Structures are given as structure tokens and as C-alpha cells.
1. So, with +1 on the Cβ of K and R and -1 on the Cβ of D and E, and no other charges, what is the size of the charge dipole of the chain about its Cα centre, to the nearest 20 debye?
2. Can you list the HN-Hα couplings for the stretch 150-160, worked out from phi with the Karplus curve (6.51, -1.76, 1.60; θ = phi - 60°), rounded to whole Hz and with x for Gly and Pro?
3. Could you line up 230, 255 from fewest to most neighbouring Cβ atoms inside 10 Å?
4. How would 109, 285 line up from fewest to most surrounding beta-carbon atoms within 10 angstrom?
5. Give me 291, 145, 41 sorted ascending by neighbouring Cβ count inside 10 Å, so fewest comes first.
6. Take the Cα of residue 265, step 7 Å along the line toward its Cβ, and report every residue of the stretch 224-239 whose backbone nitrogen sits under 11 Å from that point.
7. List the residues, sorted by chain then number, that are 5 or more residues from residue 104 or on another chain and whose placed amide H is less than 5 Å from its amide H.
8. Residue by residue through the stretch 277-294, which ³J(HN,Hα) values in whole Hz follow from phi under the Karplus form 6.51 cos²θ - 1.76 cosθ + 1.60 (θ = phi - 60°), with glycine and proline marked x?
Amino acid sequence: MKYNLFISLFVISICSVLAEVYFEEKFKDDSWEKNWVYSKHPGKEFGKFVRTAGKFFNNEEEDKGIQTSEDARFYAISRKFKPFSNEGKDLVIQFTVKHEQDIDCGGGYVKVFDCSLKEEDLHGETPYLLMFGPDICGPGRKIVHAIINYNGKNNLIKKEIACKDGVYSHAYTFVIKPDNTYEILIDGEKVEGGDIEADWDLLPPKTIKDPDAKKPEDWDDRATIPDPDDKKPEDWDQPEHIPDPEATKPDDWDDEMDGEWEPPQIDNPDYKGEWSPKQIDNPNYKGEWVHPEIPNPEYKADPALYKKPEICAIGFDLWQVKSGTIFDNILITDDLEYAKEQLKNLKDKQEGEKKAKQALDDAAKEKKSDEKDDDSEEDEDAEEDDVKPVEEPEHDEL
């Protein structure tokens, strides 16, 4: 047992050493502001980030990240690092998001750029390589964005992936592999994965409908047809409404004043609706016609769909109606196991946040209760002050 444990720890250590960490940011101190650049793009009123662990946390110093601090604002901030290419390697992008404000509408995603990024001009139309992370707006939109830019076009994943909501920290991980496959993980657990070509429309389709193929004129694709031998019954046609046979003319009805009296209409119990012949199997049915397909002359396989020749920066470019989101633990590496290792304390962090949040809520309830009691006592004192003493009536002297 000890030998196996030693081997496991040795393998983990070797993997950690071999892992290439291209970028890592945990916002350990206030020096982060010297490294990250705010956008000054004209025409936008950008909000500011502040370094904090928020109102509730597991470990205040370790849990500090950067938090959106102003409501109804765009946020645009980025940081460059040493350029690299993911050619022949895994690309792992990971970060944590804590929507402490219980976000109603706003982004929680990151964007990855090449070296052409002009940090002080970052805005919504700035080209990027990848966009990944949660996006929430109302109860019907709680998704994970996974967008890949290919040949200058942004392509959203075709699958819908649900993100985590609520007020606690969650980790999002995007893995792009050199075999053109991918994985998406939330809190270290895989929630989606597959083939990049299949799940994004990066390439033209492999096949297209044959433009020269036409459905034969005698092709009968009706599964059923009206029974030619079925005849409408002679008593079928009945009016939908009939005069109420139990209605009687009111005694005070005056034909000259009120017009000729007519009984009110009621639904006809014998009404059967519009007649149509019953359906039978079509003896000439040939099935649904399928348009033949041919190879698409515009399709060309690309074994390097995954590859980004130059990765140079990461940033936040988003809008939030209600501020309060905390971003932290940003990591770009080529080793998924190393990335997972960085999340080893995530569950403890989440449990600590839940306990701290509960204590905060309990204190708020207690304060509200005390204020209510104080208000009640003040009301009682005011009522006592309003009571006038009863004076004894004067008596005549005897």
C-alpha cells in the first residue's frame, strides 16, 4: 500500500513538473492592478473591479478575487502574457466565478486573444480566439458559452450546456485537444465533450443535397388516403345550433315594440361536425422521399481545427445589470490533471461559503427582529404618552 501511494505521488509530481503553465492569476495582492489594463474605448461607460473576497467566504485572504462593483455597466479589462501556441498539446482554460449578488442578467465568461489585442481599446467587437464561461439572463437563459473563432468567424457550440446558478463559487474548465476533441467541465466534473468539427460549424458540411436530383412526379409519399368507399350518412348534415324547444315567449313581450320574438339558440345535440371519409393505408405509398446527397466540393478537412498559432492575452469583456461577480483562479495550461489539482479545495471552499452565508443571513434576521421589537416598544411608549389622566369630578360642598 505504501509503495503504491509513493508511486502515485511520484507520478503526480512528475506530471506537475511537466505541465506547462502559460498563465496563472490568483489576485494575491493589490499588484494585480499594475498588470491588468482597463479599456478606454470611447462611447462606453466601463465599471471598475475591486479586489475582495466578498461578503461571505471560506478564507478571506485566499478567496480574494476581482469583483464587479457598479451596476448596469460594461466591463472590459485584459492582461497579456508570453505568447505560445497549443500546437500538438492540450489547451486548458480554467477560472472560478462567484455570482455573490445572485445575478439576474450578465456575463461571467472570459475571452482569449492573440497578440494583436489593443488592451486600451477592448470592446464588444474586438476579435478574439475563444470565449468561454457562464452567461445568465433571466430564468430561461443559464448557459455556458463556448465560442471558437475560425477563419475570422465566431462560432458558438451547437449544444446547449447549463451553467451553475446561485451565489457560491464554481469552476469552469475548457479543454481543447490536438485530436480535435474537447471537454467542458464544471467544478472539475465533465459535463460535455465530443468532436470539435461535429459540435461547431467551423467547416462547410461534408455533403450537400444533389442539385440535379428531383423527386419523381409519380412518387406518392402519403402514408394514408381517404377511403374511396366511405360515404357520408344521409342524416349527417345537421345544424350546429337550434332554437331552444323549451323557451317560451315572455308575457311582457311586445311585437310592435320589441320586434318579432325568436327563441334563443342552443347547441344541437345531433350536430356531428364536418364530415370527412375515414383514412386507410395508401397502397401506393413509397415512403418519405430522401433527397440524395453528394460530396460537398467546398468541404476540406482540417486536422488542425484545434490549433491557435498565437495565444497572448486573456480578458473580461462583458455586461452586468447587477454587479457583484467575483472572478478568480485563472489558469491557462496544457495539463488537465494540473488544472484539476488546483481545484482540490473547491468543495471545502463552497461549504465554507455556505456556512458563512447562513451566518450572515441569520445575523440579518436577528437584527431585523431586534429592530422590530424596538419599534414595538417605541410604539407602546408613544401610546402611554398619549393617555391623559382621568380627573376626579368636582363635588358640591355640603
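A short reminder: the numbers here are calculations on the coordinates, not readings from a lab. Here the structure is a predicted model, which is why all the values come from computation and not from measurement. FYI the Cβ positions are ideal-geometry reconstructions off the backbone, even for glycines, and counts take in every protein chain you see.
1. With Lys and Arg at +1 and Asp and Glu at -1, about 5900 debye.
2. 9, 6, x, 10, 7, 10, 7, 4, 7, 8, 9
3. 255, 230
4. 285, 109
5. Going from least to most buried by this count: 291, 41, 145.
6. 239
7. Answer set, sorted by chain and number: 322.
8. Karplus-based 3J(HN,Hα) across the stretch 277-294 equals x, 5, 8, 10, 4, 7, x, 9, 5, 10, x, 6, 6, 9, 5, x, 10, 10 Hz.
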